[in-house]
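Shown next, in structure tokens, is the structure this report addresses.
What follows draws every value from the coordinates through simple rules; no lab data is involved. What you see is a predicted model; the values in this text were computed from it and never measured. Note: ideal-geometry Cβ built from the backbone for every residue, glycine included; neighbour counts use all protein chains shown.
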Amino acid sequence: MFRLQIEARLSWRVRIVMIASIALFLATMIQAQSSRPNGMPSPDPTPATPSGKTDSSDSNFGSPENEMRSKLLLKEEKKQYDENLARAREVSQLGSQLNENFAAKKLFNSDDGKKLERLEKLTRRIRNEAGGSESDAEVKDIPGEIEAAVKRLADVADGLYKLVEKTPRHVVSAAVIDQANKLIGLVQRLRNASR
């Protein structure tokens, strides 16, 4: 019986402690909610970025959409680089073909004129991709003799191909721009001489 009285007292005390704990917890919660001034909205859990700009390191970092966009962007850049490299390869081939044809015949025919036009167009595109512009096209040291100019055209075209091949994708290359300008000057000189 004594034991039952002790258990009854303990259970009664445990109940009081539990009720007091719950009351204290509720009082703390009420105090926290009422400490905010009336009419003030609850704080936004996401911090605002200054001047309304979106932060690139937001919670979407690593999201499947961003990863897909990044992969597509890299794929497009690689495709553009490969196309530019193919243009440079074609420029080199056209330069050597023009050199061989001129060495054999000592003159240009209509097909060679078309090759010169194509060569100039491709070279301008390469120069633009490298970060150059039309205003960069001032060229010096063009040989006066056509045979020397054709030989130099083949060498410069091959040099341009090698430079484009060595240049990384994201680099603005002054060497590529300079080489392309030399080649454009030579092409224009030969086109004017063949007319």
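Summary of values
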{"quantity": "Contact order normalised by residue count of segment 79-193, Cα under 8 Å, 6+ apart, percent", "calculated": "40"}
{"quantity": "Lys, Arg +1 and Asp, Glu -1 on Cβ, resulting dipole of segment 79-193 about Cα centre, debye, nearest 20", "calculated": "160"}
{"quantity": "Nearest-0.05 FRET efficiency for Arg169 and Ser194, computed from C-beta distance (R0 25 Å)", "calculated": "0.10"}
{"quantity": "Extension gain, Leu74 back to Asn109 (0.36 nm per residue minus Cα-Cα distance, nm)", "calculated": "8.3 nm"}
{"quantity": "Phi-based couplings in Hz for segment 106-117 (Karplus 6.51, -1.76, 1.60; Gly and Pro marked x)", "calculated": "6, 7, 9, 9, 5, 5, 5, x, 5, 5, 5, 4"}
{"quantity": "Distance between modelled label sites at Asn66 and Gln31, nm, 7 Å Cα→Cβ extension", "calculated": "4.1"}
{"quantity": "Shape metrics for segment 79-193, restricted to C-alpha atoms - Rg then Dmax, Å", "calculated": "13.3, 42"}
